[in-house]
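Notes follow the structure.
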Amino acid sequence: MSLQRPCLYIHIYSLALVMILVLGTATTDVSGPPVNITAVLGHTATFKCPSQKSKIVTRLYIQKVVENRDDKFINGFDSSRKLDVLPEYQNRTKVNQTNLSMEMTDVSFSDEGLYKCVVFYGRVEPFSVIYLKVTAKYSVPTIEKQCSERKNGDGAAGKSCQLSCSSTGGYPQSAVKWAELNPSLMSVVHNESSEDPISKTWTINQTITYNCDHPINVSCAVDDAVSPTITICEAESFSVRVIIAIVLVLVFVLLLLLVLMVMKLCCRRHQPEDPRDSDDENAVPLADCHSQFKSV
């Protein structure tokens, strides 16, 4: 009986110690949904690890989670020894031991992914998860239009416009968005997204047709890049028929003026230089100029 009681106490103390360690780990383990951070291609990303100011940090490991493989050590510090950093991260990562952060410069698309931030407070190892998203800005989209007259079945006039939008050099893959257009009047003719095999950036192209009967200001956007605004279906000042009619009238007026000038020159040629010295018999009446012009 005397031996059973000490064993019972030891067992109770062991269970209590395990519970304390579990609870201590549970309260300091800050793992959960990943914290999302974004960096532009070629710029700097800052990884901020959680910290507890009341406790002394002995070690910090920042690792990249690799699928089906062990986590890849990026950088960190250890108060008891020097840590070896891979050559690909040695010159472009720097750890701040004061605020438990790491800066990564010259970010590339291969850096995108999930990272684990492990902080050591003595024996307790809480960690957090950070997801790095890498982006590249698309160029200002170019927008072009080509409109033509159309006729509806009821005879109402309108226009059919073909619009093209293109942007390059962006990441991740995006799509074209049109502003101020009614989707029910829009039809996609061509849609293409291509990735550059070297830079891994994307080129986005789209061509649509749009039917309208009044002026509309249109722009297209790819990600955050927005094209200049253009106007489609604008009213024309003169129709083609009116322009042709005006040209015909001008041609007729010019021909009439030419005929009158020729008639005037003909009359002057048949008149004597000095009417006082001219013989009345040789004088040509003014009315005869018209008859001679007709005979010619």
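Candidates are the residues of the range 95-139 that are more than 30 Å from the chain's Cα centre (by Cα) and among the basic types (Lys, Arg); the one that is farthest from Ser167 (Cα to Cα) is Arg123. Among the strands (runs of 3 or more DSSP E) confined to the range 96-208, the ones with at least 2 residues that are loosely packed, with under 12 Cβ neighbours inside 10 Å are located at 142-151, 186-195. Going residue by residue through the range 87-94, is there one that turns out to be β-branched (Val, Ile, Thr) and touching a residue at least 40 places away in the same chain (Cβ under 8 Å)? No; the residues of the range 87-94 include none that is β-branched (Val, Ile, Thr) and touching a residue at least 40 places away in the same chain (Cβ under 8 Å). Taking the range 158-203 as the range and being closer than 23 Å to His214 by Cβ, free of Cβ contacts under 8 Å to residues at least 40 places away in the same chain and charged (D, E, K, R) as the test, only Glu180 passes.
Pick out the one residue from Ser167, Ser199, Ser139, Ser193 that is of a type outside the set (Val, Ile, Thr) and either over 26 Å from Leu41 (Cα atoms) or at pLDDT below 95 (or both).
Answer to the check: Ser199.
Which members of the range 89-110 meet the condition of being under 23 Å from Ser199 (Cβ atoms) and of a type outside the set (Ser, Thr, Tyr)?
The answer is Asn91, Arg92, Met104, Asp106, Val107, Phe109.
Checked against the criterion of being among the small types (Gly, Ala, Ser) and surrounded by 15 or more Cβ atoms within 10 Å (Cβ to Cβ), the range 75-86 has at least one qualifying residue. Within the span defined as the range 121-132, every residue fails to be closer than 30 Å to Asn217 by Cβ and in contact (Cβ under 8 Å) with a residue 12 or more places away in the chain. Only one of the numbered conditions (1) surrounded by fewer than 16 Cβ atoms within 10 Å (Cβ to Cβ); (2) without any contact (Cβ under 8 Å) to a residue 60 or more places away in the chain is not met by Ile37, and that is (2). Taking the criterion of being farther than 14 Å from Phe127 by Cβ, modelled with pLDDT of 90 or more and part of a loop (DSSP other than H, G, I, E, B), the only residue of the range 62-78 that qualifies is Val66. For the range 49-61: of the residues being outside any strand (DSSP E or B) and surrounded by 15 or more Cβ atoms within 10 Å (Cβ to Cβ), which is modelled with the highest pLDDT? Once the filter is applied, the top-ranked residue is Cys49.
The values are calculated or read from the model by the stated rules, or taken from the named source; none is laboratory data. Predicted model only: the values in this text are computed from it and were never measured. Every residue, glycine among them, receives a Cβ derived from its backbone with ideal geometry; neighbour counts consider all protein chains shown.
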